[in-house]
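Each reported figure results from applying straightforward, stated rules to the coordinates on display, with no laboratory input. Keep in mind that what you see is a predicted model, and the values were worked out from it rather than measured. Here Cβ is always computed from backbone atoms with ideal geometry, including for glycine, and neighbour counts include all displayed protein chains.
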Amino acid sequence: MAGVCIWVKNSLVLGRSDYQWQHEPVLYGFLQNGRHPWYADRRQTTIWNYDKPKRNKDHPTSKPLDLLGYPIQNSTQENAVVIDTFGGSGSTLMACEQLNRTCMMMELDPKYASVILRRYVENTSDTENVYVVRNGEKLMYADLVKEVELPDET
């Protein structure tokens with residue numbers, strides 16, 4: 001880990017603590033040799049002020065696209081590969097699409113994997129190039145939709 005940035009939200013998140021959180025730590029890092037690309041000026045700070053998304057039915061901790069786009073632009077150039085091992089609602093994928101980056105994403109929960117696929121197709125209208133890899137097998141979006149539409153035989 002190289003450091004911690006702080007996402008300052010425009011509103012608090014209700015919890016059981018005496019003090020309610022209105023920020024979230026954002027961890028970042030790079031390879032051990034310490035060499036890493038940087039494409040922004042040196043006036044960037046560890047405090048990131050971005051509005052928190054309104055309550056979201058798709059995922060409880062959805063992130064705003066501009067929040068994710070900020071470090072992606074600072075750390076990558078167009079056509080770079082960005083890896084997100086906790087796909088969630090797919091916000092990193094959407095930010096990469098807007099910034100012309102390739103996103104390689106994992107999500108263990110099938111419910112949220114479906115959310116990611118749906119959001120991507122809704123935002124891009126691309127169904128031909130969308131697929132998932134499940135148990136080592138590449139499944140195209142159109143086949144997944146058919147799978148979901150199959151009537152329950154119980």
remark   = For the chain, cysteines with no other Cys Cβ under 4.7 Å from their own Cβ are listed as C5
note = Across the chain, qualifying lysine pairs (alpha carbons under 29 Å, at least 8 places apart or different chains) come out at 17
ask   = What are the chymotrypsin sites (Phe, Trp or Tyr not before Pro) within segment 1-64 that DSSP puts in a loop, where the Cβ has at most 14 other Cβ atoms within 10 Å?
value = Y19, F30, W38, Y39
ask   = Build a GNM of the chain with springs between Cα atoms under 10 Å: which of Q22, Q32, Q98 gets the top mean-square fluctuation?
value = Q32
query = For T61 and E137 in one chain, what is 0.36 nm times their gap in residues minus the Cα-Cα distance, to one decimal in nm?
reply = 24.5 nm
task = Name the residue, out of L31, L139, L65, whose mean-square fluctuation peaks in a Gaussian network model built on the chain with Cα pairs under 10 Å.
result = L31
request  = Compare T45, T124, T85 in a GNM of the chain, Cα atoms joined below 10 Å, and give the one with the largest fluctuation.
outcome  = T45
message = Per 0.36 nm of contour for each residue apart, how much would the distance between T102 and Q20 grow if the chain were fully extended, relative to their Cα-Cα spacing?
response = 25.9 nm
For the chain, calculated [θ]222 nm from helices alone, where every DSSP H run of n ≥ 4 adds -39500 (n - 2.57) = -8500 deg cm²/dmol
inquiry  = Using the Karplus curve 6.51 cos²θ - 1.76 cosθ + 1.60 with θ = phi - 60°, what ³J(HN,Hα) values do you get for each residue of segment 125-137, in whole Hz, with x for Gly and Pro?
reply    = 6, 9, 10, 6, 9, 9, 8, 10, 10, 10, 6, x, 10
inquiry  = With an 8 Å Cα cut-off and a minimum separation of 6 or more residues, compute the relative contact order for the chain in percent.
reply    = 15
